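For reference, the structure is listed below as structure tokens.
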Amino acid sequence: MAVMHFDPASLVEAGRVNHAVYTDPEIFDLEMKRIFGGTWVYVGHDSQVPGAGDYYATSIADQPVLLVRGKDQQLRLFYNRCTHKGAQLVNEGSGTVKAFRCAYHGWLFKDTGALHSIPAPGGYDCGTVCPGDGSHALEPVARFGSYRGFLFASLSPNVPELEQWLGPLRSSLDNFVDRAPAGRVEVAGGVLRYEHDCNWKFFVENTLDALHPMVVHQSAGRPAQILSARLDNQQKTNFVLQALAPFTGSYSFYDAMGGRVMPHGHADLGGKASIHSDYDEDPDYLAAMHAAYGPERTTEILSLSRNNSVAYPSLMFKAPIQLLRIIRPVAVDRTILETWHFRLVGAPESKLRRTIAYSTLVNSPAGMVGPDDHEVYRAMQRGLTARKPEWVEVSRYMADPEAVAGEDGAVPVKGTSDAYFRGQFSAWADLMGRP
Amino acid sequence: MTVTAPTIAKIADIDRDTHFRIGQFLFREADLLDSGEWERWNDLFAEDGIYWVPSSADQHDGIDQVSLAYDDALLRAIRVARQGADLAASLRAPVSSSRMIGNLMASHEEAQGFYIARSRFSMAQYADWGTRTFHGSYTHYLRPVGDDFRIVLKRVDLVNIQGSIGDILTIL
Ligand code: FES
Ligand SMILES: [Fe+2]
């Protein structure tokens, strides 16, 4: 094995991070093994494979994986690789099968992963290969678990239990699901796959960066403001205008919304208020929520507004608007961001429509928000190739006396704090430092 | 608006003159876009017109399914203002485009009184980080207004839409 010419721990210091973490391909390769290969990573949602034989093929960083629901209703996650000579078993995407037949030599696998049969078995005479004896089954991924339908996997067996790893972030996922009158969400409304020419960490940081919207997103917020001023009150309730307005919110607006920093690099931005908390609510939705939960619990659920939550390193989700984004790193300077949308089961269709309108506006590669974020990531990627200065500044609110961990381990922080990034890099250094 | 692909049965043939005028209209639209004449491009739309880039080939609407763009008049006004102003980080360095349109097939949808024009396009988009090409089809629903047209719907289907898509910094 090549001798590593850096020590990951030396790249992260109090309040600063070495630029190489974003630009060095060798560090990226190690991240794929130790970060994306060393902790829980979001795979998908159980509603993507609702019936027996339904599958969904994706990847965890550079590792192709295959999610399957068996006839026994059990969900399983395998490496998407034939156990014969190694062809990828199915293409990325979803479908329904009775069994998986490898396209190369026709080995046939059951939805349990077991090798069912092979053509011309005589050549092995049940010596090395013998369908039915349990050998040559699809290789399961080391750890696989569900939290309220959100599926996570770890390629490494050495991770805490999923619930323990999520820790206080569970309450943000709970809030995502609790917003459904039926207490259930399901994937709906299509997927956006947005190609980014930058390191994956820019996105996972930026989503918690409350110092950038008023600078980067003026181009969308300002025209919306100007148009809004020309409209009558009726038209002002247009969701698009409500959605764009907070993008030019003030520093104090973002500071006041606050957030939480949690163990393992998790965090959320927003709490009592967020960029989503001033939207008008569909009275039919409120009625459905009241019927399901009663008014008090409804208020409790809906008043929690954490606009961006991160399950480090692979998942960002927006509980108040029912969408999530998956971070799929491809190379040190290339990342694919996937946006998935959810239906609140039991809610009127207006809720899904709002989610879709928001995402089309904000998350699309032809949207009015996403391309401007991407442009600053590009600027970061280019700027950080400079060998001097070596360090990236993440020290804002480092001495905040109120940032003290509560009983659940979550640290309350100001909206514009860099504590989010310090938390991510502390998890980063911890994972990268492991053999 | 729910829009489905026109079925041949509903469609009446059109004469060569109308076909020609539809072609000229599409070329004029393309030229306005490639010249950055955003406001004048927007003027080509009917008041209820929609600019739509679906996120999948078989998509039926932009309301229940996410799109790359699904602009009614309000959103087009914001988009046009954003394209024109100097504020957007992604547009600060000049972005330019050049497109070709061909394979025009036009027909008349009698029930609703508009023309349906199907065409293919190839477009190069240049930004300071590189040139990217987009290919696909346009479907225009055109409402006749005098001897001109207004766009009721412009649907853009990218040929690679099932894959991951990079920045679209101009209007397709
Ligand atoms: S590689 Fe799959 S059957 Fe041979
Ligand atoms: Fe942003």
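The values are calculated or read from the model by the stated rules, or taken from the named source; none is laboratory data. What you see is a predicted model; the values in this text were computed from it and never measured. Quick reminder, even Gly has a Cβ in these numbers, built from the backbone with ideal geometry, and neighbours come from all protein chains shown. Note: accessible area is taken over every heavy atom of the protein model, side chains too, but ligands, DNA and RNA are not part of it. Shrake-Rupley method; radii C 1.70, N 1.55, O 1.52, S 1.80 Å.
State yes or no: is residue A:221 within 15 Å of ligand 2 (Cβ to nearest atom), within 18 Å of residue A:358 (Cα to Cα), within 25 Å of the chain's Cα centre (by Cα) and not aliphatic (A, V, I, L, M)? Judged against the criteria, residue A:221 is not a match.
Picking from residues in region B:92-106 that are crowded, with 16+ Cβ neighbours inside 10 Å and under 17 Å from the mean Cα position of the chain (by Cα), the one that is farthest from residue B:138 (Cα to Cα) is B:97.
Determine whether residue B:139 is within 14 Å of another protein chain (Cβ to nearest Cβ) and either in a strand (DSSP E or B) or in contact (Cβ under 8 Å) with a residue 12 or more places away in the chain (or both). Here the answer is no, as residue B:139 does not meet what is asked. Residues in region A:343-380 that are more than 18 Å from residue B:62 (Cβ to Cβ) and more than 16 Å from ligand 2 (Cβ to nearest atom) were compared, and the one that is most open to solvent (accessible area, probe 1.4 Å) is A:346. Among the residues making up region B:95-136, those that are within 14 Å of another protein chain (Cβ to nearest Cβ), hydrophobic (A, V, I, L, M, F, W, C) and touching a strand residue (DSSP E or B) at 6+ places or on another chain (Cβ under 9 Å) are B:95, B:123, B:127, B:134.
Against the definition (free of Cβ contacts under 8 Å to residues at least 12 places away in the same chain and either within 28 Å of residue A:377 (Cβ to Cβ) or within 13 Å of another protein chain (Cβ to nearest Cβ) (or both)), how does residue A:225 come out, yes or no? So residue A:225 fails the test.
Taking residue B:151, is it of a type in the set (Val, Ile, Thr), crowded, with 16+ Cβ neighbours inside 10 Å and within 14 Å of chain A (Cβ to nearest Cβ)?
Judged against the criteria, residue B:151 is not a match.
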